[in-house]
Amino acid sequence: MEIRIEAVQIAESFNMKKFRADFRVEAHSGSTSEVFYALEENERYLYVFDYGVVVFANYDAVAKSEFVNFIKNYATTLVDLNLSEEYRIETDETLQKVIVKNNYVTVSQIDSSLMRIVMLNIAQSVALEYYEVLTDELITSSKHYILELEQRGKLSISKTNLLKYIGKVLNVKNSIVDNLYILDDPNLVWDNEELNLLNRHLKANFDINTRFKDLDYRLQIVENNLTLFIDVLNVRESSRLEWVVIILIALEIAIALFFH
């Protein structure tokens with residue numbers, strides 16, 4: 001038996017409360033931030049996360065497309081980056097120990113708890129990829145300004161555009177902080193050693209913790225660059241004010257001399 005899984009980043013976030021109220025299917029488990037459906041009559045599984053990721057298991061292209069079109073109605077901001085990840089689960093009844101590989105995992109039997117663990121880790125991987133893309137864009141933008149500082153010794157960016165850039169950085173940072181729970185282990189692994197082992201192997205396979213640390217490090221670089229840009233902007237604004245004061249004093253002296 002083989003189950004094919006695909007995780008897709010559809011939006012920045014979902015309105016989970018409204019979605020659950022309108023989606024007339026009984027949930028297997030869930031919370032305010034996620035909901036898991038085990039549609040056992042056709043061996044389908046569905047996992048929806050409020051950070052904009054949906055994970056499908058055993059869904060054909062038509063059923064997948066229909067659900068994506070439905071859940072887009074509950075998205076805050078759609079993500080058009082074609083971010084997805086595929087994985088599969090294979091079964092071998094003679095297997096004594098779970099085998100985790102890059103593209104698949106082999107288990108002795110499948111149940112809803114095991115499906116949740118596998119689908120959760122794939123969702124985390126796609127969500128991290130989305131934040132990696134956003135962070136790369138921020139770093140690329142900051143490199144442009146740093147190169148300008150190196151070559152020209154000044155920044156041509158306006159105060160308004162710099163404030164917009166700062167807002168974008170803070171928005172990405174806050175979004176990541178708000179969704180830090182994506183790295184948390186689900187409660188069901190705490191009392192089940194097999195699921196706990198599977199969860200750890202999957203996290204290592206997808207480099208979840210390593211990628212998050214790298215993401216946090218790159219965001220820190222962006223924040224350091226922001227501090228530099230703000231300092232340069234403050235110096236520029238201070239210099240302008242000094243020239244304004246000098247010009248006003250010169251005008252005052254000129255007027256005084258003219259009338260005397």
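The values are calculated or read from the model by the stated rules, or taken from the named source; none is laboratory data. Keep in mind that what you see is a predicted model, and the values were worked out from it rather than measured. FYI the Cβ positions are ideal-geometry reconstructions off the backbone, even for glycines, and counts take in every protein chain you see. Surface accessibility is based on the protein's heavy atoms, side chains included, excluding ligands, DNA and RNA. Shrake-Rupley method; radii C 1.70, N 1.55, O 1.52, S 1.80 Å.
Worth pointing out:
- Using a Förster distance of 30 Å, the FRET efficiency for N174-N82 (Cβ separation, nearest 0.05): 0.75
- Exceeding the 25 Å Cα-Cα cut-off - candidates K72/K168; K143/K203; K101/K173: K143/K203; K101/K173
- In nm, spacing of pseudo-spin labels at T160 and K17 (7 Å Cα→C-beta vector): 3.6
- For region 21-115, the fraction of C-alpha pairs more than 19 angstrom apart is 49%.
- Stretching the chain fully between T94 and R211 yields a gain of 38.7 nm (0.36 nm per residue, less the alpha carbon separation).
- Each Lys and Arg Cβ is given +1 and each Asp and Glu Cβ -1; about its Cα centre, region 1-151 then shows a dipole of about 360 debye.
- Carbon and sulfur %, accessible surface of the chain computed with the full protein complex present, 1.4 Å: 52
- If you take the Cα centroid of region 152-213 and the Cα centroid of region 27-52, the two points sit 22 Å apart.
- Probe 1.4 Å, accessible area per residue of region 14-164, Å²: 53
- Highest average packing first - 54-64, 157-167, Cβ atoms within 10 Å: 54-64, 157-167
- The packing ranking of peptides 19-28, 199-208, highest mean first, is 199-208, 19-28, where packing means the average number of other beta carbon atoms within 10 angstrom of each residue.
- One entry in (1) 6, 24, 25, 17, 11, 7, 4, 3, 2, 1, 0; (2) 7, 25, 28, 21, 12, 5, 2, 0; (3) 7, 32, 40, 20, 2 is P(r) over Cα pairs in 10 Å bins from 0, in percent calculated from the shown coordinates; its label is (1).
- Calculated mean residue ellipticity at 222 nm for the chain: -19500 deg cm²/dmol, from DSSP H runs with n ≥ 4 weighted as -39500 (n - 2.57), summed, divided by the residue count and rounded to 500.
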